[in-house]
Amino acid sequence: MKDHTREEPRVSAAAERQMRAWSIAQEIADGAVTSHRADPPHGRLGNYISISREAGAGGSAIGDAVGQRLGWEVLDKNLLDCVAERFHLSRPMLEMVDETASNWAYDVLGPWLDRQIITHEKYVVHLARIVHAAARRGNVVLVGRGGQFLLPRDQGLAARVVASEKYRVRRIMEKYAMDEAHARQFVTALDRGRREFVSRFFRRDVADPHLYDLVINVEYLGPEAAVEQILAAWQQVEARRGATPVPASHRS
């Protein structure tokens, strides 16, 4: 029989470590909106566009197309590869916490039971560092993962891609060969996880249109028009900053 009196201090220590991690994550949330406000108008950051998306709305494909048109790097799921490589973390474990609702038992007891487990807080701390490094390099499209909340609002472009549930469910059914019931569950769960992820770590409602420079209903406009709108909005950002306009070759 296990000696639970020996385990209790270990559990307590794990909880204390987790509370410290939560504190760090909260500092990130508090500083996300106000980051770099003390910097000069152009700061130390390069060009970036962040794209938030509802599940199944095609935000990843739109982000890829925008990156191709501009000749920029696109960080979407490959952002997890960057985090895993930079901080020597397990890629499958990162998948488990990426834009998902957090679980107290998982975050507190998980690292104690398995040292390979990555808490949501640890993930967000590392994610913030990678996102800021990418923004400093510049010329990057960030898809999801709270990019618009980790970077200063006035130095890039924040867009959100939305569509009706019916449209998004249909896309998921086609993309993954799912039946309607499972596709609807997939969309609902993914939206809920992303919403809770943003709410907990950035204290924002991811669906609030006031958080974005541009909200696009892709169901009515189509993906190609969504790409054109983001590129046009980026031209306005550059014009406002007095930057060189996007070359014609990128607009064709």
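Please treat every number below as a calculation from the coordinates, not as lab data. A quick note: this is a predicted structure, and the numbers were derived from the prediction, not measured. Cβ: placed from backbone, ideal geometry, glycine included. Neighbour counts: every protein chain shown.
Note down the nm distance, to one decimal, between modelled labels 7 Å out along Cα→Cβ at Glu180 and at Glu224.
So the two model labels end up 2.9 nm from each other.
7 Å from Cα along Cα→Cβ at both Asn78 and Glu196: what's the point-to-point distance in nm?
Output for this residue pair reads 3.1 nm.
Using the number of other C-beta atoms within 10 angstrom as an exposure proxy, rank Leu89, Leu150 with the fewest first.
The order, fewest Cβ neighbours first, is Leu89, Leu150.
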